[in-house]
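So the structure is just underneath, and the comments pick up after that.
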Amino acid sequence: MSSPPPGEFDLIARIRDRAVSRDDVILGIGDDAALLAVPVGRQLVVAMDTLNEGVHFPVATRAADVGWKSLAVNLSDLAAMGATPAWCVLSLSLPAPDAHWLDGFLDGFSELARLHRVALVGGDTTRGPLSICIAVHGFVEPGRALRRDGARVGDDVWVSGTLGDAAA
């Protein structure tokens, strides 16, 4: 006799078990909201992106690649602002609870999170079309954020990777 498919709380436990930890996370996954300690003398920088299957990644994309990309596009936004990443929240919509897909997703997501010391501190899971929404939080010294309105003629423009790769 096979075991029943995992439910929402089983999936949340799987996610919590793989989350990176940080000393500035007072309360993370498992409560109604996270409690986080923003360092004195820093400003909080927040960015968020949603990725939908068939729009932002092909239907047959490996789960690990989806996990990596979903965090990478958000970390790119923090880097563009000159911020150091710290935390993120994940909203995950799945057509059905799928522990195998989730484990693959977490492989890619967690690998990148570890590289950048990003703690997953909460979020939401729900049933629906495959959709991933991540909000990242980072820190920057006051007055040091790299803002679009700060660009001037003659400034260097730096990019990572190849222009147009995100669309591909």
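Assorted remarks:
- Residue in the range 118-133 that is assigned to a strand (DSSP E or B), closer than 20 Å to residue 61 by Cβ, within 12 Å of the chain's Cα centre (by Cα) and not basic (Lys, Arg) present: yes
- Residues located in the range 53-78, provided they are within 14 Å of the chain's Cα centre (by Cα) and of a type in the set (S, T, N, Q): 70, 74, 76
- Residues that are more than 11 Å from the chain's Cα centre (by Cα), part of a strand (DSSP E or B) and farther than 21 Å from residue 53 by Cα within the range 79-100 comprise just one, 84.
- Cβ separations smaller than 9 Å between residues 6+ apart or across chains give the following pairs from the range 150-163 residues that are exposed (fewer than 10 other Cβ atoms within 10 Å of the Cβ) to residues that are in a loop (DSSP other than H, G, I, E, B) and at pLDDT 75 or above: 157/151.
- Enumeration of residues in the range 124-143 that are surrounded by 12 or more Cβ atoms within 10 Å (Cβ to Cβ) and either closer than 15 Å to residue 79 by Cα or hydroxyl-bearing (Ser, Thr, Tyr) (or both): 125, 131, 135, 136, 137, 138, 139, 140, 141
- Residue list for the range 16-39, restricted to those being at pLDDT 75 or above and buried (at least 17 other Cβ atoms within 10 Å of the Cβ): 19, 25, 28, 29, 34, 36
The values are calculated or read from the model by the stated rules, or taken from the named source; none is laboratory data. Being a predicted model, the structure only gives us computed values, none of them experimental. Because the Cβ atoms are built from the backbone with ideal geometry, glycine has one as well, and the counts that use them run over all protein chains shown.
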